[in-house]
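The values are calculated or read from the model by the stated rules, or taken from the named source; none is laboratory data. All values derive from a computational prediction rather than experimental measurement. Ideal geometry is used to build each Cβ from the backbone, glycine not excepted, and the neighbour counts take in all protein chains shown. Surface areas here come from the heavy atoms of the whole protein model, side chains and all, with no ligands, DNA or RNA. Shrake-Rupley method; radii C 1.70, N 1.55, O 1.52, S 1.80 Å.
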Amino acid sequence: MIPLDADFLHEVTPRFSGQLRQNQHDIIEAVAGVFQSTLEAYEINTMLRIAHFMGQIVHESAGMRTTQEFASGAAYEGRRDLGNTQPGDGKRYKGRGLLQLTGRENYRVYGEAIGVDLEGNPEAAAEPAMSLTIACEYWKRRKINPDCDRDDLIAVTKKVNGGTNGLEDRRKYLGRAKTALQRIIALDPTLETPPESRPILRRGLRGDAVVDLQELLRKHDIPLTIDGDFGPATDTAVRLFQERKGLVADGIVGANTWKALLA
């Protein structure tokens, strides 16, 4: 597992001053000790999965400087789709946590999932370490890891946000997280993602994982433009490599092909 500590979190998040800086510092220090183990428990354990998770939580928490939405929550009053059926539920179950848990029904469901009475004690969802667990539980329930494996920012954002609000801000923090993780891996190559944890790639995909694939193919003396696009040229290159290694030449890059590429 790639080591994830307070230094990593500070490297990805924006810089603030004054009270905002102190708020961010307090949240980061509160989650740093459990950040790696919590993500590992939810299999958010590859460079792409960690980077996308960071891109989303940093945006949703306004740079990890709050675990509560700034609005009062009054706008959610009477929202039966959120389970807000009692007077005062809007404010009581306002958005809290690193991914902004909202509504009585969600507080009940996620509280039951992690074994905490969030419906009876909604303020607990704003406690930093608790909010990290809730965010990871949401990530699991929404099956976001496969979207991360494809490096599909839009799909990840839609599952978190319901749309694409703040997409460029999320993209910015995703990029920062990738840079920070690449630096960590460069210092210790043994942290490189193992073959079985790498995404399955095939024709039509794009992104950093395809760039990694293309770079590895070039290291095996297969001429190829590195453009992050798994198009016809990359498909042909993969099939050629697979034939050379005695693998099934189907153009699909799974664990066996990754293993041969990394050997």
Residue set Asn121, Asn145; condition of a type in the set (S, T, N, Q) and closer than 28 Å to Phe230 by Cα; output residue Asn145
Go over the candidates Pro223, Pro199 one by one and state the one that is open to solvent by 80 Å² or more (accessible area, probe 1.4 Å), assigned to a loop (DSSP other than H, G, I, E, B) and either touching a Lys or Arg at 6+ places or on another chain (Cβ under 7 Å) or not charged (D, E, K, R) (or both). Pro223
Contacts under 8 angstrom Cβ, first residue in region 115-141 being under 13 Å from Leu99 (Cα atoms) and hydroxyl-bearing (Ser, Thr, Tyr), partner assigned to a loop (DSSP other than H, G, I, E, B) and open to solvent by 10 Å² or more (accessible area, probe 1.4 Å), 6 or more apart: Ser131/Thr67; Ser131/Leu99; Tyr138/Leu99
Report yes if some residue within region 55-78 is open to solvent by 20 Å² or more (accessible area, probe 1.4 Å), part of a helix (DSSP H, G or I), of a type in the set (Lys, Arg) and at pLDDT 95 or above; otherwise report no. no
Restrict the check to region 227-238 and report whether at least one residue is assigned to a helix (DSSP H, G or I), within 25 Å of Leu4 (Cβ to Cβ) and open to solvent by less than 50 Å² (accessible area, probe 1.4 Å). no
Of all residues in region 175-231, which are modelled with pLDDT of 90 or more, under 17 Å from the mean Cα position of the chain (by Cα) and not hydrophobic (A, V, I, L, M, F, W, C)? Gly175, Arg176, Lys178, Thr179
Pull up region 79-103, narrow it to residues that are in a helix (DSSP H, G or I) and open to solvent by 40 Å² or more (accessible area, probe 1.4 Å), then point me to the one that is farthest from His59 (Cα to Cα). Arg80
Just to be sure before I move on: is Glu119 modelled with pLDDT of 95 or more, acidic (Asp, Glu), outside any helix (DSSP H, G or I) and touching an Asp or Glu at 6+ places or on another chain (Cβ under 9 Å) in the structure I sent? yes
When you go through Val160, Val210 one by one, which is the residue that is under 16 Å from Ile44 (Cβ atoms) and surrounded by 15 or more Cβ atoms within 10 Å (Cβ to Cβ)? Val160
Checking Asn145, Asn121, Asn106, Asn165 in turn, the sole residue that is open to solvent by less than 30 Å² (accessible area, probe 1.4 Å) and out of contact with any Cys (no Cβ under 9 Å at 6 or more places or on another chain) turns out to be Asn145
Filter region 8-54 for residues that are modelled with pLDDT of 95 or more, open to solvent by 10 Å² or more (accessible area, probe 1.4 Å) and either farther than 20 Å from Met130 by Cα or not in a helix (DSSP H, G or I) (or both) and give the result. Glu11, Pro14, Arg15, Phe16, Ser17, Gly18, Gln19, Leu20, Arg21, Tyr42
